[in-house]
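One structure is given here, and the rest of the page talks about it.
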Amino acid sequence: LYPAPPSNEWVLAAAEAQNRIIVTRDKRLWLRAVEAGLHVHMLRSGSTTSEQVLEIVDLCGVTITTEQFLSRCTHCNSDQFDEVQQKSTLEGVVPARTLAAFDEFWRCGGCYQVYWKGTHFDRALEMLEDLRRQQELLKDAKTSGSRGPPPLGQL
């Protein structure tokens, strides 16, 4: 949804035009956003990606669940998916080994990206479950007054 890599000017203009929150570790970008009166959050330095995700969902008041896992297209953010009825329509679109290995495929209604439940799906679901468990431990720690749970991977 953005040019790679996006310039600070592009990020600031997009945040203003689309009323978005900027999440960054870049002190200069943070300062420019503050000076422009934009919504901005500075991530703690030294955080792992998992800790950053937990920081953002805490900031936004989001509860991590697996109920809507992969309910949006990772390319265009559409929530419209159609199950592909005939695998033959995917020849030349999906690698032949993938077509042979899997029976269920879904196509995004927005950009026509094709999805299937392969190993990436399993790893992503496992990562989301780890984040959900970590979020629960953090909530429990906040209510009990403890310093918090061990880092991810040490559960």
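What to note about this one:
- Cβ separations smaller than 7 Å between residues 6+ apart or across chains give no pair from the stretch 78-92 residues that are closer than 13 Å to residue 116 by Cα and modelled with pLDDT of 95 or more to residues that are of a type in the set (S, T, N, Q) and part of a strand (DSSP E or B).
- Any hit, the stretch 8-29, residues being open to solvent by less than 100 Å² (accessible area, probe 1.4 Å), within 27 Å of residue 120 (Cα to Cα), touching a residue at least 24 places away in the same chain (Cβ under 8 Å) and touching a helix residue (DSSP H, G or I) at 6+ places or on another chain (Cβ under 9 Å): yes
- Selection from the stretch 36-48 of residues that are of a type outside the set (A, V, I, L, M, F, W, C) and surrounded by 10 or more Cβ atoms within 10 Å (Cβ to Cβ): 39, 41, 47, 48
- Against the criterion of being in a helix (DSSP H, G or I) and of a type outside the set (Lys, Arg), residue 89 qualifies.
- Test for residue 67: is it open to solvent by less than 50 Å² (accessible area, probe 1.4 Å) and either of a type outside the set (Val, Ile, Thr) or out of contact with any Pro (no Cβ under 7 Å at 6 or more places or on another chain) (or both): no
- The stretch 117-150, residues that are part of a helix (DSSP H, G or I), modelled with pLDDT of 90 or more and charged (D, E, K, R): 122, 123, 126, 129, 130, 132, 133, 136
The values are calculated or read from the model by the stated rules, or taken from the named source; none is laboratory data. Worth saying up front: this structure is predicted, and the values here are computed from it rather than measured. Note that each Cβ is placed from the backbone with ideal geometry, even for glycine, and that neighbours are counted across all protein chains shown. When the accessible area is computed, the model is the full protein with side chains, heavy atoms only, and any ligands, DNA or RNA have been set aside. Shrake-Rupley method; radii C 1.70, N 1.55, O 1.52, S 1.80 Å.
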